[in-house]
Amino acid sequence: MFRFFENLVDPYVDYPQDDTPPTRLWPFLKTYARPFRRVFWAAGIMSIVVALVEVWLIAYMGRLVDLIAPGSEVSFWADYGWEFIIVGVFLLTLRPLLQVIDVALLNQSIVPNFAAIVRWRAHRHVLRQSVGWFENDFAGRMANRIMQTPPAAGEVAFQVFDAVTFSLAYIIGAAFLLGGGDPRLLLPLLIWFGLYMVLMHWTIKRVGPASKISSDARSEVTGRVVDSYTNIHSVKMFAHHDREINYARTAIEATRVAFQREMRLYTIMDVSLVLLNGFLIVAVVGWALWLWSDGVATAGIVAAAAAMTLRLNAMTGWIMWAVTNLFQNLGVIAEGMETIAQPITLTDADDARPLVVKGGQIEVEGLSHHYGRGSGGIDNLTLSISAGEKVGLVGRSGAGKSTLVKLLLRFYDTESGRIMIDGQDISTVQQDSLRQAIGMVQQDSSLLHRSVRDNILYGDPLALHDQMIAAAKQAEAHDFILDLQDGEGRKGYDAQVGERGVKLSGGQRQRISLARVILKDSPILLLDEATSALDSEVEATIQSTLSTLMEGKTVIAIAHRLSTIAQMDRIIVIDDGRVVEDGSHSELLARGGQYAGFWARQSGGFIGTEAVE
């Protein structure tokens, strides 16, 4: 039975991905609700049916009071026995069945699947954002929004049917019940209901914004805490334990104050609700007794009115909490939308085709990119690299080397100019095909918090085990990998490397990253200080590996250690975002320009690239 209801909706069903999702709350939720249309209708109908059954049951208790009037004992069972048997069978069979269907639709079909569909699609959407987008926010805050929005959305769906639909049907049924006994009993119910709606409007109007403020504050706390944990080495190295505690405390205090203001609303709501419900009980039951004393109403009507008001008294607190909880969760969703509903700005063209690399020729034409600042980055850079050519890239810090690499990978769209690979403008090809054609080893070799095997196979998930081992051996990583063991006893290639690879040394991370790129075997190779984390002995071995790896590929190598690029076909010097020198190692030394100055000043093979910004 559980599986039947759980499988009524597939949260992973195919859907058209939207680069510009709705930025308003209800249209945003509607996009996720489409696969649930039939289930929502069924849940709404069942909620109404269950509510009406509850109202009927109270009405029937009133009828029972009338039937057991003095003098009816002799003929009671003869006159009403079959009626009570039918009612008893209904209460023991059909009513539980209706309840099971109602609850199963909510708990099995809607809540887990609706949360899953929001989490799945939100994660897919966020992963499609550009690298620049991720660089503008806390990773912890983004992750918090991805994690807290789905359960909030599931709770909203639950409350709509468990509380809102049920309570409306119940109150309407109560009105018919009281009006059927005597229309005058409707008057105190309507007065109470009007005041109740005023209180609910007052609460809801304030709870939504207050909840969003609290949710924002919680996300800020998460962002700051995760930032400290992620950079724990720096925290310990600079002995800033107290500074980080105070940094988190300011956010925690802001969260506490925001939450206190939110909880004040609930206190006011509770006190007001007690006064309103007191009025409801006194007015309805008192009026019913007055009508009974005048002989207008029966004892059954008085009993039903009393039971109904007591039931409403118990329900109204739950309804108010449920509705405010609904709007509280809507506030959480609204805060999550600040991440989830942001448009994808770096997209493939509608007619984008896969990049076809025949030789790997790279043409850079009038390229400019200043990150929207008007300065820095790349400035009108023009460059041509032939297919299979090995080029070293040199320049001071901030000269534009890393920007050129990021633009080549299309982590950003250029502000002007273009980059061509084998005659194809990279802005017109599919991003994934572009990045699959480029292998890169970075100075900061960040690994995934998974096994060594998973990290190497990231280069080619379809590679065979022997191919993975061969790549690790070529990167001089196989021997140390066999000696690895994590805290849970996993060894070798199954050992976990820790977040960003923190359980490994810099050189070990670098060699695993190199093995990953070797396995990828892309026609274009980018090396950003590829051997900077290696000791001299390992570097000498890796250099021969790199020489083999570079054969037949177009290579761009960024290096501060000039000895690692001296044998390149060409060396290009960039300064202030432009090419200032271009030639072989010997040619540039002969010119006596910037490169010659770098070479003369280097110590142990490093250049003084930080002198001028």
Filtered residue count, region 229-253, keeping only those that are at pLDDT 85 or above and open to solvent by less than 70 Å² (accessible area, probe 1.4 Å) | 3
Quick check: anything in region 281-301 crowded, with 19+ Cβ neighbours inside 10 Å, in contact with a helix residue (DSSP H, G or I) (Cβ under 7 Å, 6 or more places away or on another chain), in contact (Cβ under 8 Å) with a residue 24 or more places away in the chain and aromatic (Phe, Trp, Tyr)?
-> yes
Do any residues in region 346-366 that are under 23 Å from Trp133 (Cβ atoms) have Cβ atoms under 7 Å from those of residues that are open to solvent by 20 Å² or more (accessible area, probe 1.4 Å) and charged (D, E, K, R), where the two are at least six apart or on different chains, and which pairs are they?
-> Leu346/Asp413; Thr347/Asp19
From the residues in region 223-253 that are part of a helix (DSSP H, G or I) and of a type in the set (S, T, N, Q), which one is nearest to Val502 (Cα to Cα)?
-> Thr230
Could you please find all residues in region 404-418 being at pLDDT 90 or above, buried (at least 16 other Cβ atoms within 10 Å of the Cβ) and in contact with a Ser or Thr (Cβ under 8 Å, 6 or more places away or on another chain)?
-> Leu407, Arg410, Gly417
Do we find a residue being acidic (Asp, Glu), in contact with a Lys or Arg (Cβ under 8 Å, 6 or more places away or on another chain), at pLDDT 85 or above and open to solvent by 10 Å² or more (accessible area, probe 1.4 Å) anywhere in region 350-362?
-> no
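Scan region 472-494 for residues that are outside any helix (DSSP H, G or I), open to solvent by less than 90 Å² (accessible area, probe 1.4 Å), under 30 Å from Gly140 (Cα atoms) and not charged (D, E, K, R) and jot them down. Give the steps one after another, and end with the answer.
Going through region 472-494, the residues outside any helix (DSSP H, G or I) turn out to be 475-477, 483-491.
Still in the running and open to solvent by less than 90 Å² (accessible area, probe 1.4 Å): 475-477, 484, 486-487, 489-490.
Then keep just the ones that are under 30 Å from Gly140 (Cα atoms); that gives 484, 486-487, 489-490.
Within region 472-494, Leu484, Gly487, Gly489 qualify.
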Extreme residue, modelled with the lowest pLDDT, among residues of region 550-579 that are surrounded by fewer than 15 Cβ atoms within 10 Å (Cβ to Cβ) and under 30 Å from Thr414 (Cβ atoms) = Gly552
Checked pairs for region 579-600, first closer than 11 Å to Gly392 by Cβ and part of a helix (DSSP H, G or I), second of a type in the set (Asp, Glu) and modelled with pLDDT of 90 or more, C-beta under 6 Å and 6 or more apart or across chains, list as Leu588/Glu581; Tyr595/Glu581
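Go over the candidates Ser451, Ser445, Ser532, Ser433 one by one and state the one that is touching a helix residue (DSSP H, G or I) at 6+ places or on another chain (Cβ under 8 Å) and at pLDDT 90 or above. Spell out the reasoning first.
Numbers: Ser445 fails: at pLDDT 90 or above; Ser532 fails: at pLDDT 90 or above; Ser433 fails: touching a helix residue (DSSP H, G or I) at 6+ places or on another chain (Cβ under 8 Å).
Of the residues listed, the single one that is touching a helix residue (DSSP H, G or I) at 6+ places or on another chain (Cβ under 8 Å) and at pLDDT 90 or above is Ser451.
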With criteria (1) open to solvent by 10 Å² or more (accessible area, probe 1.4 Å); (2) touching a Pro at 6+ places or on another chain (Cβ under 9 Å); (3) modelled with pLDDT under 90, Gly331 comes up short on (1)
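Residue-wise test of (1) in a helix (DSSP H, G or I); (2) of a type in the set (A, V, I, L, M, F, W, C); (3) buried (at least 18 other Cβ atoms within 10 Å of the Cβ).
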| residue | (1), (2), (3) |
| --- | --- |
| Val160 | yes, yes, yes |
| Gly179 | yes, no, no |
| Leu187 | yes, yes, no |
| Ile191 | yes, yes, no |
| Ser211 | yes, no, yes |
| Ser215 | yes, no, yes |
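If we only count helices (runs of 4 or more DSSP H) wholly inside region 1-82, which ones have 3 or more residues that are out of contact with any helix residue (DSSP H, G or I) (no Cβ under 6 Å at 6 or more places or on another chain) and surrounded by 11 or more Cβ atoms within 10 Å (Cβ to Cβ)? It would help to see each step written out before you state the result.
On the way: elements: 2-6, 25-33, 37-67.
Where helices (runs of 4 or more DSSP H) fall fully within region 1-82 and carry at least 3 residues being out of contact with any helix residue (DSSP H, G or I) (no Cβ under 6 Å at 6 or more places or on another chain) and surrounded by 11 or more Cβ atoms within 10 Å (Cβ to Cβ), they are 25-33, 37-67.
If only one of Leu330, Leu367, Leu355, Leu326 is part of a loop (DSSP other than H, G, I, E, B) and within 36 Å of the chain's Cα centre (by Cα), which one is it?
Values: Leu330 fails: part of a loop (DSSP other than H, G, I, E, B); Leu367 fails: part of a loop (DSSP other than H, G, I, E, B); Leu326 fails: part of a loop (DSSP other than H, G, I, E, B).
Selected residue: Leu355, the only one of Leu330, Leu367, Leu355, Leu326 that is part of a loop (DSSP other than H, G, I, E, B) and within 36 Å of the chain's Cα centre (by Cα).
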Tally of residues being open to solvent by 30 Å² or more (accessible area, probe 1.4 Å), of a type outside the set (Asp, Glu) and touching a residue at least 12 places away in the same chain (Cβ under 8 Å) across region 373-403 = 11
Picking from Val497, Val441, which residue would you name as being within 29 Å of the chain's Cα centre (by Cα) and either surrounded by fewer than 16 Cβ atoms within 10 Å (Cβ to Cβ) or within 25 Å of Val555 (Cα to Cα) (or both)?
-> Val441
Cβ-Cβ below 6 Å, separation at least six or inter-chain, first residue in region 406-432 and at positive phi, second open to solvent by 30 Å² or more (accessible area, probe 1.4 Å) and of a type in the set (D, E, K, R): which pairs?
-> Gly417/Glu365; Asp422/Lys358
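The values are calculated or read from the model by the stated rules, or taken from the named source; none is laboratory data. Remember, it's a predicted structure, so these values are computed and weren't measured experimentally. Please note: Cβ atoms are built from the backbone with ideal geometry, for glycine as well, and neighbour counts cover all protein chains shown. When the accessible area is computed, the model is the full protein with side chains, heavy atoms only, and any ligands, DNA or RNA have been set aside. Shrake-Rupley method; radii C 1.70, N 1.55, O 1.52, S 1.80 Å.
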